[in-house]
Structures are given as structure tokens and as C-alpha cells.
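The values are calculated or read from the model by the stated rules, or taken from the named source; none is laboratory data. Quick caveat: nothing in here was measured; it's all calculated off a predicted structure. Virtual Cβ from ideal backbone geometry, glycine too; neighbours counted across all protein chains shown. Areas reflect the complete protein model, heavy atoms only, side chains present, ligands, DNA and RNA absent. Shrake-Rupley method; radii C 1.70, N 1.55, O 1.52, S 1.80 Å.
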Amino acid sequence: MRCVVILLGPPGAGKGTQAARLGKDLSLAHISTGDLFRDNLSRGTELGRQAKSYMDSGRLVPDVLVLDMLFDRVARADCSKGYLLDGFPRTLPQAEALERALGKSARILALNLKVADEVLVERLGGRRTCETCGNIHHLRFSPPKVAGACDKCSGRLVQRPDDSAEVVQKRLRVYREQTLPLEAFYAERKLLVNVDGARAPEEVLGELQRACRGPVMEGCR
Ligand code: AP5
């Protein structure tokens with residue numbers, strides 16, 4: 001039985017930070033739709049071009065573009081035993097499409113990181129991402145050893161264009177309107193585990209790991 005673990009949560013909740021660690025721990029491919037779009041953008045593809053204006057303004061990319069890209073990606077061999085989704089689904093139609101595509105062939109667990117808005121704003125304002133390997137730092141909470149350089153690969157640390165104060169507010173509004181209803185969607189199916197994401201990264205990781213050892217995931221390890 002395949003496992004599909006979903007990391008839900010608002011922008012800055014720590015989905016990318018935790019997914020990198022949890023994916024390794026569970027031996028599941030880490031699939032971030034935001035990273036897939038940014039990769040398309042940096043390669044100058046038509047998909048990247050279409051997604052850019054939505055991402056820059058803090059809006060969601062239309063479902064039709066997201067779904068084709070996502071289902072292409074999870075059809076690859078490294079996802080045959082399951083995968084860890086970061087930033088997908090983000091709308092009810094996306095969640096329904098995933099449910100239909102998986103049918104009874106997989107178990108789903110939705111891990112929902114809860115973090116207050118003021119903490120999210122501080123996290124996003126100080127985030128710096130490695131332009132080479134994608135490693136995530138924070139100027140205050142996980143500063144690099146050498147200013148401006150990634151701890152893992154020494155690549156240049158940059159600020160994401162959508163982390164400006166104005167776009168962050170827009171992303172938080174979009175989250176509340178379009179993504180928050182997914183909590184009820186997965187809670188009704190008894191597939192949701194809420195996790196306090198405001199604690200130290202190691203504590204959050206420990207709770208996510210415990211949730212993945214719980215009854216919902218039985219049979220897919
Ligand atoms: P995406 O890249 O998915 O962005 P997001 O969901 O807004 O999430 P973030 O990457 O901003 O935050 P995160 O939760 O991963 O936090 P992180 O770990 O980095 O999407 C970008 C855009 O792409 C969207 O706006 C949309 O346009 C488009 N898109 C993507 N998927 C889509 C979809 N499915 N449908 C439609 N459109 C889509 O942490 C943030 C900072 O906090 C870091 O600096 C980190 O070091 C720090 N931090 C993390 N955890 C902690 C902690 N516990 N304590 C202290 N600091 C911490």
C-alpha cells in the first residue's frame with residue numbers, strides 16, 4: 001500500500017523545512033509544487049511563464065496548470081511507494097482530484113501545521129533560500145554560519161520575491177479563503193492530524209514523526 005503524506009499549513013508554517021527532513025526519515029520523495037513552479041520558472045518553460053504572474057502577486061496558480069504538473073511528477077519511479085506533498089493540495093478541487101486519482105491504492109495522512117499569523121510574517125520576512133540547493137535558512141531562527149552563504153553547499157542565499165510584506169499579506173488571505181477549507185475536508189475523512197508548528201523545528205519534527213507512526217499509516221510501512 002502506498003503512503004501519501006500531505007503537509008498542510010499557511011505560508012511560512014514550516015512545510016518546506018519539515019518536508020526535507022520528514023521525507024528522508026520516511027524514505028518518501030518530497031514533492032513541493034512551489035519548487036516545481038520555481039524550477040520551471042528558472043528553466044524558462046511555458047508553464048513557468050504562465051505561473052509567474054500568479055506567484056509574484058501571491059495568488060494561486062489555476063488548478064488546471066497545477067494538476068497536470070503534479071500528476072506528471074508523481075507518476076515517476078521515485079514516487080511508486082508513495083510521496084510527501086508540500087504545498088499541494090491547496091484548493092478543494094485539488095484535494096478531490098488527488099482523492100480520485102489515488103482511489104483505494106494509497107493511504108493518505110494530512111499533517112496540518114498550525115502557526116499564528118504574526119509568527120508567519122516574521123518567518124517569511126527573514127527567510128533566505130539557497131539558489132543552488134534550495135536549503136532554507138532564517139536570518140534569526142536558523143542563520144547561516146557565513147553570512148549570505150548556504151550551510152550545506154555554500155550557494156548564494158536569496159530572498160524569494162513573494163516574501164515581500166505586501167505579497168505575504170495577500171498569500172495569507174488567499175490561504176484563509178482557498179486552503180483553510182481543506183482542514184474540514186480531511187477531518188471529515190478522519191485523515192487529519194493537527195500539529196503545533198510554532199515550536200522549535202526539532203520538536204515539530206518529533207510530533208510529525210509520531211503522527212506518521214499512528215494508526216492511519218498502518219499497512220504502508
Ligand atoms: P510555496 O512555495 O508552496 O509557498 P507557501 O505554501 O506559501 O509556503 P512557503 O514555502 O512560503 O512556506 P513553508 O511553509 O514551506 O515554510 P518554510 O519551511 O520555508 O508556493 C509559492 C506559490 O506557488 C504560491 O503562492 C502559489 O502561487 C504557487 N503554488 C504552489 N503550489 C500551488 C498549488 N498547489 N496550487 C496553486 N498554486 C500553487 O519556513 C519559513 C521560514 O521559517 C524559513 O526561513 C524557516 O527557516 C523558518 N522556520 C521554519 N520552521 C521554523 C520553526 N519551527 N521555528 C522557527 N523558524 C522556522
Checklist entry - Amide H to amide H under 5 Å from GLY82: which residues, 5+ apart in sequence or cross-chain, H placed 1.01 Å off N in plane? => result CYS3
Checklist outcome for this item: Computed ³J(HN,Hα) along segment 160-172: with the Karplus parameters 6.51/-1.76/1.60, θ = phi - 60°, integer Hz and x for glycine or proline, the list is 5, x, 7, 9, 5, 4, 5, 5, 4, 4, 5, 4, 5
Checklist outcome for this item: Listed by chain and number, the residues whose amide H is under 5 Å from that of ILE6, excluding neighbours fewer than 5 places away on the same chain and using placed H, are LEU85, LEU109, ALA110, LEU111
Item to check | Taking N as its residue count, the alpha carbon Rg of the chain over 2.2 N^0.38 Å | outcome: 0.97
Checklist entry - Hey, what did segment 42-138 get for relative contact order, percent, Cα under 8 Å, at least 6 apart? => result 12
Next on the checklist: Quick check: convex hull of the Cα atoms in segment 1-89, volume per residue, rounded to a whole Å³?
Outcome noted: 101
Checklist entry - Among all lysine pairs in segment 1-144 that are eight or more places apart or on different chains, how many have alpha carbons less than 27 angstrom apart? => result 9
Checklist entry - What is the calculated FRET efficiency for ARG59 to GLU118, with r their C-beta to C-beta distance and R₀ = 25 Å, to the nearest 0.05? => result 0.65
Checklist entry - Could you give me the ³J(HN,Hα) list for segment 15-26, computed from phi with Karplus coefficients 6.51, -1.76, 1.60 and θ = phi - 60°, whole Hz, x at Gly and Pro? => result 4, x, 4, 6, 4, 4, 7, 5, x, 4, 4, 8
Checklist entry - Counting Lys +1, Arg +1, Asp -1, Glu -1, what net charge surrounds GLY206 among other residues with beta carbon under 13 Å of its beta carbon? => result -1
Checklist outcome for this item: Dipole check, the chain, charges on Cβ (K,R +1; D,E -1), about Cα centroid: among LEU67, SER27, VAL115 the Cα furthest to the positive pole belongs to SER27
Next on the checklist: In Å², and per residue, what accessible area does the chain have when probed at 1.4 Å with the other protein chains present?
Outcome noted: 51
Checklist entry - With contacts defined as alpha carbon pairs under 8 Å and 6 or more residues apart, what's the relative contact order of the chain in percent? => result 31
Checklist outcome for this item: For segment 84-168, the percent of accessible surface on carbon and sulfur atoms (probe 1.4 angstrom, ligands and nucleic acids excluded) is 53
Item to check | Cα-centred dipole magnitude for the chain, charges only on beta-carbon of K, R (+1) and D, E (-1), debye, nearest 20 | outcome: 380
Item to check | Per-residue HN-Hα couplings for segment 137-144 [Karplus 6.51, -1.76, 1.60; θ = phi - 60°; Hz; x = Gly/Pro] | outcome: 10, 9, 4, 9, 8, 8, x, x
Item to check | Inter-site label distance for ASP78 and GLN50 at 7 Å from Cα along Cβ, in nm | outcome: 2.4
Checklist entry - Given segment 76-221, what percent of its DSSP beta bridges are antiparallel, to the nearest 5? => result 60
